[in-house]
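> Handing you this structure, nothing more for now.
The values are calculated or read from the model by the stated rules, or taken from the named source; none is laboratory data. The shown structure was predicted, so the numbers you read here are calculated from the model rather than taken from an experiment. So basically every Cβ, Gly included, is an ideal-geometry build from the backbone, and we count neighbours across all protein chains shown.
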DNA sequence: CGTTTCTTTGAATCCGGTCAAGGTCCGTGG
DNA sequence: CCACGGACCTTGACCGGATTCAAAGAAACG
């Protein structure tokens, strides 16, 4: 297992100014190794998390072993705010990561800061819902080609650098896209053969035909 | 179009006591005919809605005509609280319905009542997220049989009566489950042949093998 | 290096989609 | 009351994209 890959991905949510950031006031920073569990499915928890460095996947296991990945989270992203009493997904570090965690109920104990936290939780939940809806469309109504193309483009677009590093393996991609690992692999080979993307090894790639790629992402 | 079917489905969220219910304080009731639009995709809106009587579907159209149904809502359910500035889905009445609507920003204008509204919005959004995640699992990792079985069982379970009436047609079911209308129809025929469900016409059915049906709903 | 794990490729299969036709339900009007 | 028409639903035959099973190839790690 690679445990020191460096990944630089732009955050999904702009970090609030430090002064107004509830995480900085009451958060705790913890390191996690690759594949280490941050919290478990069905575990109840009162925390919310933010990726400081690294990358995280949330996943859910069905009884018969089928696995679905809920989402991937990168530096700056907030996760773990599933609304119920207990987590419906497991969260694991994809690579070596640093995670900031904060007690949700802290919002009651702080005056103005509590309101800030509340507001942040609300915003993050709303974003989470929007992202889940987008994921839903992808799963329900897209072909394997479209799924893989969306995924690669999405990843590349939140990366300033020319070359993007995949923090996850093919199996994780497959479980996110609702495909098998073989289909993902074949589709990537195909996209590369068409000159839309180019791989350097199996984890590093860059987009060659961004506009052509974008055109095949129906929305 | 049948426009006066009677549907009795239990609400997803228990109605709050009238005194604490923000809808009763500032809501407006409106009637909608079958297939009438309540709000449109990309329309921006400051309202939240509750089904008083009837049933509603939210759906989203891709450029090339592919349609995905977000969810179905029945009496007592709250909908329309997609977080962004504008709606990402269209909402339409499935059958003749009565809808209560309330201005979201009303929460700022009312003291304690505003807090109640805020709390209700939060709860409803959280529930919406949970439901969307469930829908995601269904779409990504279930076979046609499992999808249809889940759907029928779910519908039957929130119905006190012996016979359940489907407020939507086969096309709507298909667009919800990520299948074609033919596959839905075939699968229903198959489930009926196996004695798991029984149809009386194409809209009325009851579950015969609830436990066998439940067993095929992986979760 | 040798071993293990991950990825790619190939061939065969199958589930669900597509295309096409027939059947049913239901409202309307003769 | 029955005949007609249109929308919706079901069924059949065939097709194709994705899965499955199997094996080879590449990359990571000790």
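> So which of A:88, A:60, A:103, A:67 ends up being modelled with pLDDT under 95 and within 13 Å of chain B (Cβ to nearest Cβ)?
Only one candidate qualifies: A:88.
> Give me the pairs, please: first residue somewhere in segment B:196-219 and within 14 Å of chain A (Cβ to nearest Cβ), second residue anywhere and part of a helix (DSSP H, G or I) and within 16 Å of DNA strand C (Cβ to nearest atom), beta-carbon distance under 7 Å, and either six or more positions apart or on two chains.
B:216/B:145; B:216/B:146; B:216/B:149; B:217/B:146; B:217/B:149; B:217/B:150; B:218/B:146
> A follow-up question, please. Would you kindly identify the helices (runs of 4 or more DSSP H) lying entirely within segment B:83-167 that contain at least 1 residues that are under 19 Å from the mean Cα position of the chain (by Cα) and free of Cβ contacts under 8 Å to residues at least 60 places away in the same chain?
Hits in segment B:83-167: B:112-141, B:144-157.
> Let me ask something else about it. Consider residue B:106 against the criteria (1) crowded, with 21+ Cβ neighbours inside 10 Å; (2) out of contact with any strand residue (DSSP E or B) (no Cβ under 9 Å at 6 or more places or on another chain): it satisfies all of them except one. Which criterion is unmet?
Only one criterion in (1) crowded, with 21+ Cβ neighbours inside 10 Å; (2) out of contact with any strand residue (DSSP E or B) (no Cβ under 9 Å at 6 or more places or on another chain) is unmet by residue B:106, namely (1).
> Now a separate question. Between a residue in segment A:169-188 that is under 19 Å from residue B:138 (Cα atoms) and any residue that is outside any helix (DSSP H, G or I) and within 10 Å of DNA strand D (Cβ to nearest atom), which pairs come within a Cβ distance under 9 Å, given they are 6 or more apart or on different chains?
A:173/A:179; A:174/A:180; A:175/A:66; A:177/A:142
> While we're on this one: Of the residues that sit in segment A:42-82 and are in contact with a helix residue (DSSP H, G or I) (Cβ under 6 Å, 6 or more places away or on another chain) and assigned to a loop (DSSP other than H, G, I, E, B), which one is surrounded by the most Cβ atoms within 10 Å (Cβ to Cβ)?
Checked segment A:42-82; the qualifying residue surrounded by the most Cβ atoms within 10 Å (Cβ to Cβ) is A:81.
> While we're looking at this one, here's another question. In segment A:151-176, what residues are more than 12 Å from DNA strand C (Cβ to nearest atom) and within 14 Å of chain B (Cβ to nearest Cβ)?
Within segment A:151-176, A:151, A:176 meet the criteria.
> Which one of these does residue A:123 not meet: (1) within 11 Å of chain B (Cβ to nearest Cβ); (2) closer than 26 Å to residue A:36 by Cα?
(2)
> If we scan segment B:152-162, do we find a residue that is within 13 Å of DNA strand D (Cβ to nearest atom) and farther than 24 Å from residue A:147 by Cα?
Yes, segment B:152-162 has at least one match.
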